[in-house]
Amino acid sequence: MELLAIILFVIILLALMSGYPVAFTLAGISLLVGYFCVPDFLDFLPLRIMGVMKNYVLMAVPLFVFMGLMLEKSGLAQSMLNTMAMLFGRLKGGLAISVVIVGALLAASTGIVGATVITMGLISLPTMLKRNYKTELATGTIASSGTLGQIIPPSVVLVLLGSVMNVSVGDLFAAAIVPGVILVALYLIYIVVYAHLNPESAPSIPKEEIEAFKAEDYIRKTVVAFLLPLILIVAVLGSILLGVASPTEAAAIGALGATILTAFQKKLNLEVLNQVVKSTTHLTSMVFLILLGATTFSLVFRGLGGEHYLVNAIQEANMSPMIFLLFVMLIIFIAGFFIDFIEIIFIIVPVVLPILAGFKMDLIWVGILIALNLQTSFLTPPFGFALFYLKGVAPDGVKTSQIYRGVIPFLFIQVVLLLLVFLFPGMLKIFF
């Protein structure tokens, strides 16, 4: 029976890699195995499902998704990119620097990777190519900056990890701030060094264009472009870190604030509201269907004794806690090449969580490591979602191979940060 649990896990992974729908694959195969092998355990399934649906923390998911999609419609991203490009335009690689900084601001405002990559791809990629930026640098900068929403709070990934790992989402948000800031700094250092070594691949903006921009109400445009998103960031993250609001309550504040900002930009109408609500419903339904399928899988896996099988296997192997954690990180990294981050959170994390807890590890630290690891899944070929998003909006001349080559340096930077957090967990304690 215990061996059957491992076979169930492998079959589901193979089915997902073959392209079958995630939620129905998880639930369908698990129900089939559970019905014939542990039918008594399926009696607990309705209670498990109701437990998921009543989870107060998970209410933050649709609210953060709504906030991100509404901000995408507000036009603030375009204003920030245009303004930031002129602020750093005289520097070599200034346009790429502005993309990273705006990507960080959007990550702290939305936490939605797809929306950020698509928005910046549509706005900045044609401009960067027009200004003779090397295609690999332009695409790599945009794709990697878009993934900052995976680690910089408020991140939907951290909300889901907090729910699955049964740890405080607010603590995860606080612990993620320092790695997020370090990652942005590493991106900027790489771009500055690259631009100085290859100035023809990252040219500066002509002085005349910058002066023309500054001549047209420069101060007001700068204040409007950055003050409004900063107010939203402070309202959402500040209320969580100060203990004024829970992550779910802060998500509601963010959703309302994003709607008000969109109205302030005169972009709010019934058509926009309809699009945002429909997209929010679609994305939220997808997440919760996968979550319910994963709940079914974890119940059957536990009923078959899979959890005890893994614990015994680790004990017999005399594997130390750090070696086991490295092994888990390697599995998650490899899985990110083939399956979505949501699937990894709901399938792999619950399987290894009891062992990690048994080793008395700091689960907040482990959660940040997993989040950083999952961030790489958006950039790893062949199925990195950020690569797909960017390719979908890129001009015709941009090849998929150029996008793949462009993200490799940024992927390496993410792995370096992952190692730093692994080796120096104390860096998370500044805000946490």
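Only the coordinates and a few stated rules stand behind these numbers; no lab work does. Quick caveat: nothing in here was measured; it's all calculated off a predicted structure. Because the Cβ atoms are built from the backbone with ideal geometry, glycine has one as well, and the counts that use them run over all protein chains shown.
Tabulated results
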| read-out | value |
| --- | --- |
| Cα gyration tensor shape of region 141-283, rounded if a/c is under 1.5, else prolate or oblate by comparing a/b with b/c | oblate |
| Separation of the Phe337 and Arg90 label points, Cα + 7 Å toward Cβ, nm | 4.7 |
| Cβ-defined net charge surrounding Leu125, 15 Å radius [Lys, Arg +1; Asp, Glu -1] | +3 |
| Amide N of region 304-343 lying under 15 Å from the label point, which is placed 7 angstrom from the Cα of Met286 along Cα→Cβ | 339-343 |
| Linear extension gain, Glu208 paired with Val416, 0.36 nm per residue minus alpha-carbon span | 70.9 nm |
| Distance in nm between pseudo-label sites at Leu330 and Glu216 (7 Å out along the Cβ direction from Cα) | 5.6 |
| Distance in nm between pseudo-label sites at Leu242 and Met319 (7 Å out along the Cβ direction from Cα) | 4.5 |
| Those GluC sites (Glu not before Pro) in region 174-232 that DSSP places in a loop and that have at most 14 other beta carbons within 10 Å | Glu216 |
| Low-density loop positions, trypsin sites (Lys or Arg not before Pro), region 264-332 - DSSP coil, at most 16 other Cβ in 10 Å | Lys266, Lys267 |
| Global geometry of region 2-430, whether rounded, prolate or oblate, following the gyration tensor of its Cα atoms and the 1.5 cut on a/c | prolate |
| Tensor-based shape of region 64-144 (alpha-carbon gyration tensor, a/c under 1.5 rounded, otherwise prolate or oblate) | prolate |
| Computed lengthening from Gln78 to Ala185, 0.36 nm per intervening residue step minus Cα-Cα distance | 36.3 nm |
| Whole-angstrom gap from region 290-304 to region 386-432, using each part's C-alpha centre | 31 |
| Under the span-like rule (Cα at least 30 Å along the axis, Kyte-Doolittle mean at least -1.0), DSSP H helices of the chain | 169-197, 270-303, 400-423 |
| Residue of Ile403, Ile331, Ile233 that the Gaussian network model of the chain assigns the largest fluctuation, springs spanning Cα pairs under 10 Å | Ile331 |
| Net charge over other residues, Cβ less than 14 angstrom from the Cβ of Gly75 (K, R count +1; D, E count -1) | +3 |
| Contour minus Cα-Cα distance for Tyr20 and Met1 (0.36 nm per residue) | 4.3 nm |
| Set of aspartates and glutamates with alpha-carbon distance to Lys130 below 17 Å, sequence-local pairs under 8 removed | Glu200, Glu208, Glu209, Asp396 |
| Residues Phe359 and Ile260, FRET efficiency given R0 of 51 Å [Cβ-Cβ distance, rounded to 0.05] | 0.65 |
| Extreme residue, positive dipole direction of region 65-187, given options Leu71, Val113, Ser124 (C-beta unit charges) | Ser124 |
| Taking Ile364, Ile219, Ile408, Ile342 and counting other C-beta atoms within 10 Å, the order from fewest to most | Ile219, Ile408, Ile342, Ile364 |
| Least to most buried among Leu289, Leu387, Leu423 (fewest other Cβ within 10 Å first) | Leu423, Leu289, Leu387 |
| GNM result for the chain, Cα springs below 10 Å: residue of Asn269, Asn132, Asn82 fluctuating most strongly | Asn269 |
